[in-house]
Amino acid sequence: MKEKILEVSGLTFAYDKSRNALEDINVTIYQNEKIAVLGANGAGKSTFFLNLNGVREPMQGEIRYRGEVIGKKDKVKLRRHVGIIFQDPDSQIIASTVKAEVAFGPMNMKLDRDEVEKRTMAAIKEMNLESYTMRPPHYLSGGEKKRVSIADILAMDCEVMIFDEPTASLDPVNAQMLEDVLNRMEEEGRTILLSTHDVDFAYRFAERVLVFFDGKLIGDDTPQKIFQNEELLKLANLKKPVFLELYELLREKGKVKETSAYPRQLAELDLLL
Amino acid sequence: MKKTHSHVSIDYYAYISGLGNWNTVYKVIFSLGALITVIAANSVFISAATIIFMLYLNVVIGKIHGMDYLRLLWVPAAFILLGGIAIMIQFGSGAGSLFSIRFFWTRLYITTDNLRLSLNTALKAFAAISAFYMVTLSTPMGEIISVFRKVRVPGLILELMHLIYRYIFILSDTNRAQKEAAKSRNGYCDLKTSFRTFSGEIANLFVMSMKKADMYYDAMEARGYEGDCDFWEEKKALTGGQLVYGFLYGALLILIFFIERRS
Amino acid sequence: MSKKQKKLIAVLAVLSVIFSITPNAYAMHIMEGYLPPKYCIAWGILCIPFLVAGFLSIKKKLQDNRKNITLLAMAGAFIFVISSLKIPSVTGSCSHMTGTGLGAILFGFSTVSILGIIVLLFQAILLAHGGLTTLGANTFSMAIAGPLLSYGIYKLCKKLKVNRMVSIFLAAFLGDIFTYSVTSFQLALSYPSTEGGVMASVGKFLGVFAPTQLPLAVLEGILTVLIIMALENYAQPELKAINFIKEGE
């Protein structure tokens, strides 16, 4: 049994009184999970993430980090463990050079100068940004900025890494880079949550899928189960992943062996043919 | 590194300058010292020497392309020219003038003194700008702000400076995209439409900037920001090589000072 | 070539030179090195009370809500960016707004003084408009005198129930004219005329900069009206959000 990292119970949050942005969310996140969060724009994904990191405070309910309730005072502590990579790197990047930018998080953690430098340079190296160290963010391309925004959180050495729509507006090269980074983080034992509209990517990547609709958590299961629940897909306005459709078609025609495990990669499918 | 923000080319040079690895505080003291010397000395020779010395520092050591440097020096030319005209041309009786013409009820004239004063002022302005360029063309904004921190400017102001600097580029990127979108829909086809488009753009930019501000705060908070921005400052060593230029400039000034006194 | 022709050509040449450079004319930033040291210091000292007041009011606003920091910084960046945008024109010359009137109307006077000095410093560093030694003088004319007048006129017109468009135009237009007059005065004080002294010199500086500054002030007035109208049409929530900045003045 994996360790529980974040336990969310009865979480309700509203920006204004007329409508709840999140309503009674209950979910437990375990160590080293790879979770995809799906749902239309405005369904509550980003608000959910901001609550997990303590930037927004639950109006009702509570969030526990490793069993401890996160109160007002511990929010800063929470941020050392749970980091968010925002969708638009420009909304995240604030410093005038890449190095100062990546060092911003560690500096806020009040680490000593050597430790800040060590972590910053390690994160810059991991994101392959060494030649940009002293460059200002406004002379970087979109993909480079994205890498900087990931290095930002890496330098804080967060246990849980949350990506808000990481694949949006990335070209194929950078999208591949991102997938490699995500896999590397999983190997390092980190827990990954990401929101996306790309169901194919979610199906390929995630071990668990959360579906939000209108501020409520309406689905929490394995990708296969979620994507086979036609009713749920219709409600949340989601499409079935092409790979899953293909597999189901092959199975219908009797071309593959029956197994309980669903293939998610070409290699896995190949073994069943 | 591409120069995408053409109107802020000075910023661009600051990141590629050969003077970039100089100790920031030393550079600021050097430049400020030269600046104050120029305006306090009020001497044609000191101005001229400073222009040439700074040209050497900026172009040869700083590796800024010569033509680019001249273009940058030309930026304040309009002001210097118009200001120079206003200082040079006098009106009134015109006694002892070098040149004069009738102008309605009075006379416009130039005296040798006025001519000298306006040329001296122009030269002084160019010298002061050259001295200031030595810092601005070679020092990224983050480092300039770190000097303000050292002279005890309140943290709140420093934080505002950091954020404003960053947002300037975000807003001008946004505006460039707006402008292209507007052009693609003929928003700048004639003057009347242009004015409407232009003001619409600014209104839009305002709305965008205010909307984004909230999200930007969240992003800062998400990384542990608690109300005081502490930014990483690179430490740059002061070397003998850097000091040599300071001594050379100082020696040059002293030399000019003595020559001027003897003549 | 007759004498007259020669004169005409000379005048044309001067004009063409002026107009070939003025395309880059910004608002009237006094250039680096243009003021003698005593005036640099004097104008700087004159700014201090206004800046301290501005600083305290900003500090109070941040104590009320820390989140206002990004809002304030955005306001500063906004003023910088609009003052660097080229105003559309037929001749292809490009002039720029000062943004003082708009800034004062949107963000209030005391905020604009602090944002103004930062923006002016950035204009000196990033654009070479204005300078470090002339920062005090420029702050006084552009971040204090101009906005103060704009804001005063705007408030006065509101009290007197003057038509909104007219009052916005007057605030922006007169704010601009006032800035330009103060700058001319600052220059004249440092460079008095041979005959007639400072006052005659003010006339000269006003005259020399009039061809660019007068049309610019009219343009700025009209544009500010257009911008505020556009904002009132579709940006009510954002206008409300910045109301905090203006409170308590």
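The values are calculated or read from the model by the stated rules, or taken from the named source; none is laboratory data. Just so we're clear, the structure is a prediction, and the values are computed from it rather than from any experiment. Cβ: placed from backbone, ideal geometry, glycine included. Neighbour counts: every protein chain shown. Protein only, heavy atoms only, side chains kept; ligands, DNA and RNA dropped before computing areas. Shrake-Rupley method; radii C 1.70, N 1.55, O 1.52, S 1.80 Å.
Tabulated data for the structure shown
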| item | result |
| --- | --- |
| Residue in region A:1-8 that is more than 28 Å from A:Asp198 (Cβ to Cβ) and within 11 Å of another protein chain (Cβ to nearest Cβ) present | no |
| Test: B:Met215 is among the hydrophobic types (A, V, I, L, M, F, W, C), part of a helix (DSSP H, G or I), open to solvent by 40 Å² or more (accessible area, probe 1.4 Å) and within 9 Å of chain C (Cβ to nearest Cβ) | yes |
| Yes/no for A:Lys216 being charged (D, E, K, R), more than 26 Å from A:Leu170 (Cβ to Cβ) and exposed (fewer than 15 other Cβ atoms within 10 Å of the Cβ) | no |
| Check on B:Tyr12, at pLDDT 85 or above, of a type in the set (Ser, Thr, Tyr) and not in a loop (DSSP other than H, G, I, E, B) | yes |
| Which numbered condition B:Trp232 fails, given (1) more than 7 Å from chain C (Cβ to nearest Cβ); (2) buried (at least 21 other Cβ atoms within 10 Å of the Cβ); (3) assigned to a helix (DSSP H, G or I) | (3) |
| Pair list, Cβ under 6 Å, 6 or more apart: region C:219-240 residue free of Cβ contacts under 8 Å to residues at least 60 places away in the same chain, other residue assigned to a helix (DSSP H, G or I) and among the charged types (D, E, K, R) | none |
| Any pair with Cβ under 7 angstrom, 6 or more apart, that starts in region B:227-248 at a residue that is over 16 Å from B:Val25 (Cβ atoms) and ends at one that is of a type in the set (Asp, Glu) and not in a loop (DSSP other than H, G, I, E, B) | B:Cys229/B:Glu159 |
| Residues within region C:131-141 that are among the hydroxyl-bearing types (Ser, Thr, Tyr) and not in a helix (DSSP H, G or I), tallied | 2 |
| Leading residue by the ranking (modelled with the lowest pLDDT) among those in region C:14-41 that are surrounded by 20 or more Cβ atoms within 10 Å (Cβ to Cβ), part of a loop (DSSP other than H, G, I, E, B) and not aliphatic (A, V, I, L, M) | C:Tyr26 |
| B:Ile52 being of a type in the set (Val, Ile, Thr) and without any contact (Cβ under 8 Å) to a residue 12 or more places away in the chain | yes |
| Extreme residue, surrounded by the fewest Cβ atoms within 10 Å (Cβ to Cβ), among residues of region B:131-147 that are of a type outside the set (Asp, Glu) and more than 9 Å from chain C (Cβ to nearest Cβ) | B:Val147 |
| Test: residue in region A:207-224 that is in the same structural domain as A:Met161 (by TED's automatic domain parsing), over 30 Å from A:Gln60 (Cα atoms) and not aromatic (Phe, Trp, Tyr) | yes |
| Residue check, C:Ser83 farther than 26 Å from B:Lys179 by Cα, polar (S, T, N, Q) and either open to solvent by less than 20 Å² (accessible area, probe 1.4 Å) or at the interface with chain B (Cβ under 9 Å from one of its Cβ atoms) (or both) | no |
| Members of region C:42-74 that are within 11 Å of chain B (Cβ to nearest Cβ), surrounded by 13 or more Cβ atoms within 10 Å (Cβ to Cβ) and aliphatic (A, V, I, L, M) | C:Leu51, C:Ile58, C:Leu62, C:Ile69, C:Leu71, C:Leu72, C:Ala73, C:Met74 |
| Candidates B:Ser97, B:Ser93, B:Ser31 - the one that is among the small types (Gly, Ala, Ser), touching a residue at least 40 places away in the same chain (Cβ under 8 Å) and in the same structural domain as B:Leu123 (by TED's automatic domain parsing) | B:Ser31 |
| Failed condition for A:His197, given (1) within 30 Å of A:Ser18 (Cα to Cα); (2) not in a loop (DSSP other than H, G, I, E, B) | (2) |
| Residue pairs meeting the criteria (Cβ under 6 Å; at least 6 apart or on separate chains; first at positive phi and in contact (Cβ under 8 Å) with a residue 12 or more places away in the chain, in region C:100-111; second open to solvent by 10 Å² or more (accessible area, probe 1.4 Å) and part of a helix (DSSP H, G or I)) | C:Gly108/C:Lys246 |
| Tally of residues being out of contact with any His (no Cβ under 8 Å at 6 or more places or on another chain) and either of a type in the set (A, V, I, L, M, F, W, C) or in a loop (DSSP other than H, G, I, E, B) (or both) across region C:115-130 | 9 |
| Unmet requirement for A:Ala43, which otherwise passes all of (1) assigned to a loop (DSSP other than H, G, I, E, B); (2) surrounded by fewer than 18 Cβ atoms within 10 Å (Cβ to Cβ); (3) of a type outside the set (Asp, Glu) | (2) |
| Residue check, A:Ile150 within 7 Å of chain B (Cβ to nearest Cβ), within 22 Å of the chain's Cα centre (by Cα) and over 21 Å from B:Lys236 (Cα atoms) | no |
| Enumerated helices (runs of 4 or more DSSP H) restricted to region C:142-249, each holding at least 3 residues that are at the interface with chain B (Cβ under 10 Å from one of its Cβ atoms) and open to solvent by 10 Å² or more (accessible area, probe 1.4 Å) | C:197-234, C:236-241 |
| Residue selected from region B:57-89 under the condition outside any helix (DSSP H, G or I) and at the interface with chain C (Cβ under 9 Å from one of its Cβ atoms), by the criterion least open to solvent (accessible area, probe 1.4 Å) | B:Pro76 |
| Members of region B:28-49 that are more than 10 Å from every other protein chain (Cβ to nearest Cβ), in a helix (DSSP H, G or I) and among the polar types (S, T, N, Q) | B:Thr37 |
| Those residues of region A:94-128 which are part of a loop (DSSP other than H, G, I, E, B) and facing another protein chain (nearest Cβ under 7 Å), in sequence order | A:Ile94, A:Ala95, A:Ser96, A:Thr97, A:Met109 |
| In region B:173-192, residue nearest to the other protein chains (Cβ to nearest Cβ) [restricted to those that are polar (S, T, N, Q) and within 23 Å of C:Ile79 (Cα to Cα)] | B:Asn175 |
| Positions within region B:183-206 being of a type in the set (A, V, I, L, M), closer than 17 Å to C:Gly221 by Cα and buried (at least 18 other Cβ atoms within 10 Å of the Cβ), in sequence order | B:Ile202, B:Ala203 |
| Residue under evaluation C:Ile228, criteria (1) among the β-branched types (Val, Ile, Thr); (2) closer than 23 Å to B:Lys212 by Cβ; (3) touching a Gly at 6+ places or on another chain (Cβ under 9 Å), criterion not met | (3) |
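Residues are listed down the side, and each one gets a yes or a no for (1) among the β-branched types (Val, Ile, Thr); (2) in a loop (DSSP other than H, G, I, E, B); (3) within 30 Å of B:Phe30 (Cα to Cα):
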{"site": "B:Phe91", "(1), (2), (3)": "no, no, no"}
{"site": "B:Ile101", "(1), (2), (3)": "yes, no, no"}
{"site": "B:Asn114", "(1), (2), (3)": "no, no, no"}
{"site": "B:Ala128", "(1), (2), (3)": "no, no, yes"}
{"site": "B:Glu159", "(1), (2), (3)": "no, no, yes"}
